[in-house]
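Engineer: Supplied in structure tokens, the structure appears directly below.
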């Protein structure tokens, strides 16, 4: 079974090697940047605008929806005065983030599974780090602003700045835990109570780590394992004790746009148009064929995933 759209493909992982990628048409040439599935049937893909979500002629803000696991897609929302970059969905709620032609950041939302849509203006700007600006953790939704503040949705489309929140370059949230990294100085901040209070630890500065929201840096958390990837230079910092102690290495891959784990040592993700997986915690890797203009990868499980990218051409 193959499920893909011109910018969103379904990928099957056959251990220990990857299956081949194939392409299907979505009926749109819009540059798609972010894809999200709530279950094996229902998913959304967001795009349009330039790489920073500014509105762009010929690239209207577009939301695609599928209800059959990616076999068919239709345009659920389109607006030529917006650009979109990020999307999440839960229950019947869909939130897509982008920018108006006026330069204000906004959220396009639906509360009935994409049947009807509204647009709200945000009171703050979002970071340009497209892949890590919005995170859903349990029942909480978090946003990262361009000045390093982390906001939580306290009620529908009401956003509050987390108290005593450190200035963040990148962040990750899982459950009530929030991890935030900044540099220099090179520190990891952690909250176990949803951002009410924070602890910090020093990241080993043996290599010049400078997480930047504009360079594709990212942070990922799996159990007690914390991974921080930075760019310019490419550095990998990792901790196996919830951020208490750290090691750093030169990273040969570049920014991880997506990363998923299925066990303590099994990860799968994407970087610079490549899809990779590892079964030994990163000691060795398997790779798919390189793909052009990959913008996002979303895996529901180790055998089912989706990709989106520019212009509808993915190999």
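No value in this document is a laboratory result; all are computed from the given coordinates. Computed from a predicted structure; not experimentally measured. FYI the Cβ positions are ideal-geometry reconstructions off the backbone, even for glycines, and counts take in every protein chain you see.
Engineer: PRE reach from residue 140 (point 7 Å along Cα→Cβ): which of the stretch 186-201 fall under 12 Å by backbone N?
Structural biologist: What the label zone holds, given the 12 Å backbone N cut-off, is 190-198.
Engineer: With an 8 Å Cα cut-off and a minimum separation of 6 or more residues, compute the relative contact order for the stretch 71-163 in percent.
Structural biologist: Working: 161 pairs, mean separation 15.3, N = 93.
Once normalised by length, the contact order is 16 percent.
Engineer: With the Cα gyration tensor of the stretch 67-119 giving a ≥ b ≥ c as the square roots of its eigenvalues, does the rule (a/c under 1.5 for rounded; else a/b larger than b/c for prolate; else oblate) give rounded, prolate or oblate? Mind dumping the intermediate values first?
Structural biologist: Details: a/c = 2.18, a/b = 1.70, b/c = 1.29.
Prolate, because a/c is 1.5 or more and a/b exceeds b/c.
Engineer: Packing-wise, with mean Cβ within 10 Å as the measure, how do 144-157, 34-47, 297-310 rank, highest first? The partial results should precede the final answer.
Structural biologist: Working: 144-157: 16.3, 34-47: 22.4, 297-310: 20.6.
Those peptides, ordered most packed to least, come out 34-47, 297-310, 144-157.
Engineer: Relative contact order (percent) for the stretch 35-122, with alpha-carbon contacts under 8 angstrom and 6 or more residues of separation? Mind showing how you got there, number by number?
Structural biologist: Numbers: 242 pairs, mean separation 20.6, N = 88.
RCO, the stretch 35-122: 23 percent.
Engineer: Shifting gears a bit: In nm, what is the difference between 0.36 nm times the number of residues separating residue 156 and residue 50 and their Cα-Cα distance?
Structural biologist: Working: separation 106, 0.36 × 106 = 38.16 nm, distance 2.75 nm.
Gain in length upon complete extension: 35.4 nm.
Engineer: Also: Please give the FRET efficiency for residue 192 paired with residue 147, using the beta carbon to beta carbon distance and R0 = 22 Å, rounded to the nearest 0.05. Please list the in-between numbers first.
Structural biologist: Working: r = 24 Å, r/R0 = 1.11.
Rounded to the nearest 0.05, the efficiency is 0.35.
Engineer: Quick check on the stretch 32-156: what does the Kirkwood estimate of hydrodynamic radius come out to from the alpha carbon pairs, in Å? Don't jump to the answer; show the numbers that get you there.
Structural biologist: Values: mean 1/r = 0.0698 Å⁻¹.
The answer is 14.3 Å.
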